[in-house]
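*Asks:* One structure is given below, represented as structure tokens, and several questions about it will come after.
Every read-out reported here was derived from the displayed coordinates using simple, explicitly stated rules and does not represent laboratory data. Here the structure is a predicted model, which means the values were calculated and not measured. Cβ sites come from the backbone with ideal geometry, for glycine too, and all protein chains shown count toward neighbours.
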Amino acid sequence: MTEINLTVNGRAVRASVDPRLHLADFLREHLRLTGTHLGCEHGVCGTCTIEIDGAPARSCIALAVACDGSSLRTIEGFEDDPLMAELREAFSADHALQCGFCTPGMLMTALDFLRVKPDPSEADIREGISAVLCRCTGYQGIINAVKAAAPILRRG
Ligand code: FES
Ligand code: FES
């Protein structure tokens, strides 16, 4: 077992973990942060996306030990984030989710995309969210939601 110290959603965490433990399993099973979903578990679907040191990353292909000293933010860490609240509202208004399985990863990815590209075209949005697969919506509702949220997020 290896001891790791990291920050998760602003809270200091110390744990002793198997060196082969995936970060997603650490978050879900050790910390009970089950908002991080697991789909493919090999880096393709993006549903396990979280922030590691401020950048989106797939937690299913990261090792918990590799995050020693890092700062992580999961979907639960956006509970009081006003920009994420606007984006969630847009997702709800535009029917950008059905089963909701992809939604945590999609929201994290969309928020990061809008930070980088605050005034996107529809083609930009399609490319920006292409890192996350959705099996339900056909994407149009998600695209509409991101488009609707962009000017609100620009105003901050
Ligand atoms: S579960 Fe991590 S990319 Fe699919
Ligand atoms: S809403 Fe079901 S997978 Fe996206």
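*Asks:* What is the angle, in °, between the Cα long axis of helix 82-93 and the longest principal axis of the Cα atoms in the chain? Nearest 10 is fine, range 0 to 90.
*Replies:* For 82-93 against the chain, the angle is about 60 degrees.
*Asks:* Along Cα→Cβ, 7 Å out, is where each label goes; now give me the distance between the ones at Ala123 and Glu79 in nm to one decimal.
*Replies:* In this crude spin-label approximation the distance works out to 4.2 nm.
*Asks:* While we're on this one: Rounding to the nearest 10 and keeping the result within 0 to 90°, find how far the Cα-based axis of helix 140-155 lies from the longest principal axis of the chain.
*Replies:* Computed tilt is about 90 degrees.
*Asks:* I need the calculated FRET efficiency for the pair His95 and Asn5, taking r as the beta carbon distance and R₀ as 41 Å, to the nearest 0.05.
*Replies:* 0.45
*Asks:* Quick one: order Thr36, Thr7 by neighbouring beta-carbon count within 10 Å, fewest to most.
*Replies:* Arranged by neighbour count, lowest to highest, Thr36, Thr7 become Thr7, Thr36.
*Asks:* Once phi is turned into θ = phi - 60°, what whole-Hz ³J(HN,Hα) does the Karplus curve with 6.51, -1.76 and 1.60 give for every residue of region 37-46, x standing for Gly and Pro?
*Replies:* Working through the residues one at a time gives 8, 10, x, 6, 6, 9, x, 9, 7, x Hz.
*Asks:* Please provide three numbers in whole Å: the alpha-carbon extents of region 2-77 along the principal axes, with the largest listed first.
*Replies:* 29, 24, 20
*Asks:* So what's the angle, to the nearest 10 degrees on a 0 to 90 scale, between helix 103-116 and the longest Cα principal axis of the chain?
*Replies:* 70
*Asks:* Then there is this: Give me the Kirkwood hydrodynamic radius of region 40-156, using the inverse of the mean 1/r over all pairs of distinct Cα atoms, in Å to one decimal.
*Replies:* 14.3 Å is the Kirkwood radius here.
*Asks:* Take Glu51, Glu3 and order them by how many other Cβ atoms sit within 10 Å, fewest up front.
*Replies:* Ranking Glu51, Glu3 by Cβ neighbours within 10 Å, fewest first, gives Glu3, Glu51.
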